[in-house]
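The values are calculated or read from the model by the stated rules, or taken from the named source; none is laboratory data. Owing to the predicted nature of the structure, the values given are computational and were not obtained by experimental measurement. Virtual Cβ from ideal backbone geometry, glycine too; neighbours counted across all protein chains shown. These area figures cover heavy atoms from the full protein model, side chains too; ligands, DNA and RNA do not enter into them. Shrake-Rupley method; radii C 1.70, N 1.55, O 1.52, S 1.80 Å.
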Amino acid sequence: LRTGQLKKSDAAFQPGERVLYAAPNPAEPFGATVKKAAMVTGMRFDNTNASGVPAVTINLYFARYDSSKLIAQRPPRRILPVNVTLASGQSMMENIPLMLEEGDAILGDASQTNAIDYIISGVEREMV
């Protein structure tokens with residue numbers, strides 16, 4: 001569904017920043033043209049820092065779509081415990097299946113920018 005790098009927690013809510021993936025909804029500013037639901041089947045996070053660099057903490061959230069609120073105003077729910085730590089070169093797989101309705105989003109941040117690569121796997125289907 002999406003690949004990228006986690007940004008620091010003070011980054012704005014934009015695709016590629018704190019929004020790691022948003023199920024397509026034309027009402028959202030992410031370029032979608034049709035409404036789609038998504039099933040996230042797995043997420044992988046890799047700390048790409050060289051050996052000897054301090055560990056990086058990551059946080060992941062789920063935000064339900066609400067047409068009356070901007071994404072930054074929607075109450076996020078944690079997917080992972082607070083501040084999961086990845087040492088240099090360490091990887092983590094999260095296989096919690098998530099069902100996203102159109103406009104729902106997965107948000108994330110890290111304690112250091114451009115240190116954590118991510119891959120979100122799953123499938124999308126058009127809403128009828």
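Roughly what % antiparallel, to the nearest 5, for the DSSP beta bridges in the chain? Around 95 percent of the beta bridges assigned by DSSP in the chain are antiparallel ones. Taking the Cβ-Cβ separation of V84 and Q5 as r and a Förster radius of 25 Å, what is the calculated FRET efficiency to the nearest 0.05? The value I calculate is 0.95. Can you match mean projected area of the Cα convex hull in nm² to one of these, [x] 10.8; [y] 9.0; [z] 7.2, based on a calculation from the structure here? Here the calculated entry is [z].
Gain in length, M39 to M127, computed as 0.36 nm per residue apart minus the alpha-carbon separation, to one decimal in nm?
30.4 nm
Sorting 82-92, 56-66 by average packing, meaning the other beta carbons within 10 Å per residue, from highest down gives 56-66, 82-92. Here the accessible area of the stretch 51-128 is 54 percent carbon and sulfur, with a 1.4 angstrom probe and all protein chains present. The charge dipole of the chain, taken about its Cα centre with unit charges on the Cβ of Lys, Arg, Asp and Glu (plus for the first two, minus for the last two), comes to roughly 160 debye. Here the simple spin-label model places points 7 Å from the Cα toward Cβ, and for R64 and N95 these points are separated by 2.8 nm.
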